[in-house]
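Worksheet for the structure shown next.
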Amino acid sequence: MHRTLNFRPARFFEGAEPRVEYYYEDGGQFVRKRIRLKHIADKRERKRYAQALCSEINEKFYSGWHPHMEGDTGDSLKKAISFYLGNFLPPRPDSVRTYNSVCKTFLEWAEKRKIDSFPATSFNKKRALEFLAAINSAKKLSARTYNNYVGLLRTVFNKLKEHQFVNENPFEGIGKKRSQDKHRKVIPMDILKKIRHWCNEHQPEMILPMKLTYYCGIRPTEICRLRVHNIQLDRGLIYIDADQAKDHESAPISLPVHLIEDLATHISMARSTDYLISGADLMPGTTPTDGRALAKKWDRMRRNLGLEDIYQFYSLKDTGALAIARNIDSPIELKDQFRHSSLDTTSMYIRKAKPVANQNIARMKEDW
């Protein structure tokens, strides 16, 4: 039996007012919906998008969709992303920069494809994959960065779905790439000494942050969030608060005696509320240092010494973990000091620092 349709399929009309039109039934009458396309100047591009849009709308209609399912569908993709940026950015400056950067890249791509003014509801999984492929090709993204794009935009569109800008999250179900080994390497002792010597001569302000990462496993962004009151010299500890830590968990970290002495000198004239490092000289102050400032100073050193980019600032954490692993009795000590999420990570450093032959294998007799 033929079913009466409650819509009239979308069609593309060219001429003085290029547009896509479709009709849907509302209260016993058909309502006309127009999507104007005059803003797409190139006629071939306009026709291509119009045909794709018609196919998409009709496919939704035939699958049982109705405009009432989505409420107000007039908000554009650009307006939806702007709504997110204006209301839901995370509080941390580093995260704000990341979200702004990714969303800006996304909107630039959408504008280039001339779909930024299309309804946000028309942005589907196919287009999400098209964006990821385009940005991956243009920027030669690492697996980690690609996965960050997927995860971040999934978060953005979840919030847009919650606020009814879209009906489905187009980034949901898109798989992430398998991460490769970290693009950094443990720093050999001879190179480590060259780095220390060069910084002593040219960037002495970098010695303290480097020590905090090497001996304490404190990440560069965490160092920039530390305040003077986090330093407990009388107890030989740095106490990182939950809102300063990447994993959002507070933790005490032990200080070697020489680092206690360095910190005592560093904060001798500072107020308890000062940031531990501030300004170009990385002395205590009222404004936090941007984590990128440490990376820039590190890169300057690396270029002057002609070191490969596999030796990154964060390599100090891996290098320090191996050094500490050689001087401890229990893996728990290293786990607590470097705030590893599990003993599996700690055990990896222990095995590298103190390789031990498997005795069961050692006792095997020759059998062939």
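The values are calculated or read from the model by the stated rules, or taken from the named source; none is laboratory data. Nothing here was measured: the structure is a model prediction, and the numbers come from that model. Cβ placement follows ideal geometry from the backbone for every residue including glycine, while neighbour counts extend to all protein chains displayed. The accessibility values were calculated without ligands, DNA or RNA, using every heavy atom of the protein model including side chains. Shrake-Rupley method; radii C 1.70, N 1.55, O 1.52, S 1.80 Å.
Inside the range 113-130, can you point out the residues that are of a type in the set (A, V, I, L, M, F, W, C) and open to solvent by 30 Å² or more (accessible area, probe 1.4 Å)?
129
Looking for whichever is farther than 30 Å from residue 146 by Cβ and of a type in the set (Asp, Glu) here; the options are 247, 243, 190. Which one fits?
Just one listed residue meets the conditions, 190.
Quick one: count up the residues across the range 17-55 that are in a loop (DSSP other than H, G, I, E, B), of a type outside the set (Lys, Arg), open to solvent by 30 Å² or more (accessible area, probe 1.4 Å) and farther than 17 Å from residue 77 by Cβ.
Qualifying residue count for the region: 5.
Among the candidates 229, 202, which residue alone is touching a residue at least 12 places away in the same chain (Cβ under 8 Å) and either open to solvent by less than 80 Å² (accessible area, probe 1.4 Å) or under 27 Å from residue 192 (Cα atoms) (or both)?
Criteria check complete, one pass: 202.
Does any residue in the range 310-335 that is in contact (Cβ under 8 Å) with a residue 24 or more places away in the chain come within less than 8 Å, Cβ to Cβ, of a residue that is acidic (Asp, Glu) and open to solvent by 10 Å² or more (accessible area, probe 1.4 Å) six or more places away or on a different chain, and which pairs are these?
Once the first residue is in contact (Cβ under 8 Å) with a residue 24 or more places away in the chain and sits in the range 310-335, its partners that are acidic (Asp, Glu) and open to solvent by 10 Å² or more (accessible area, probe 1.4 Å) give 324/333.
Restricting the range 56-106 to residues that are outside any helix (DSSP H, G or I) and farther than 22 Å from residue 21 by Cα, which is modelled with the lowest pLDDT?
If we take residues in the range 56-106 being outside any helix (DSSP H, G or I) and farther than 22 Å from residue 21 by Cα, then 92 is modelled with the lowest pLDDT.
Considering 221, 213, which residue is in contact (Cβ under 8 Å) with a residue 40 or more places away in the chain, within 17 Å of residue 314 (Cβ to Cβ), open to solvent by less than 10 Å² (accessible area, probe 1.4 Å) and among the polar types (S, T, N, Q)?
Testing whether each residue is in contact (Cβ under 8 Å) with a residue 40 or more places away in the chain, within 17 Å of residue 314 (Cβ to Cβ), open to solvent by less than 10 Å² (accessible area, probe 1.4 Å) and among the polar types (S, T, N, Q) leaves just 213.
Which of (1) modelled with pLDDT of 80 or more; (2) within 23 Å of residue 247 (Cβ to Cβ); (3) over 25 Å from the mean Cα position of the chain (by Cα) does residue 318 not meet, given it meets every other one?
Of (1) modelled with pLDDT of 80 or more; (2) within 23 Å of residue 247 (Cβ to Cβ); (3) over 25 Å from the mean Cα position of the chain (by Cα), only one is false for residue 318: (3).
Going by what's in this entry, would residue 326 be described as closer than 25 Å to residue 96 by Cβ, open to solvent by 70 Å² or more (accessible area, probe 1.4 Å), at pLDDT below 90 and out of contact with any His (no Cβ under 6 Å at 6 or more places or on another chain)?
When the stated conditions are applied, residue 326 does not pass them.
How many residues does the range 131-174 hold that are closer than 19 Å to residue 84 by Cα, under 18 Å from the mean Cα position of the chain (by Cα) and open to solvent by 50 Å² or more (accessible area, probe 1.4 Å)?
The number of residues fulfilling the criteria is 6.
Has the range 254-277 got any residue that is closer than 17 Å to residue 209 by Cα, in contact with a Pro (Cβ under 6 Å, 6 or more places away or on another chain) and among the hydroxyl-bearing types (Ser, Thr, Tyr)?
Yes.
Scan (1) at pLDDT below 80; (2) part of a helix (DSSP H, G or I); (3) under 25 Å from the mean Cα position of the chain (by Cα) for the single condition residue 340 breaks and write down its number.
That leaves (2) as the condition not met.
Is one or more of the residues making up the range 189-208 among the polar types (S, T, N, Q), out of contact with any Pro (no Cβ under 7 Å at 6 or more places or on another chain) and not in a loop (DSSP other than H, G, I, E, B)?
Among the residues of the range 189-208, at least one is among the polar types (S, T, N, Q), out of contact with any Pro (no Cβ under 7 Å at 6 or more places or on another chain) and not in a loop (DSSP other than H, G, I, E, B), which makes the answer yes.
Check every one of the strands (runs of 3 or more DSSP E) wholly within the range 233-315 and list those with 1 or more residues that are more than 23 Å from residue 96 (Cβ to Cβ) and open to solvent by less than 80 Å² (accessible area, probe 1.4 Å).
237-240, 251-254, 283-285
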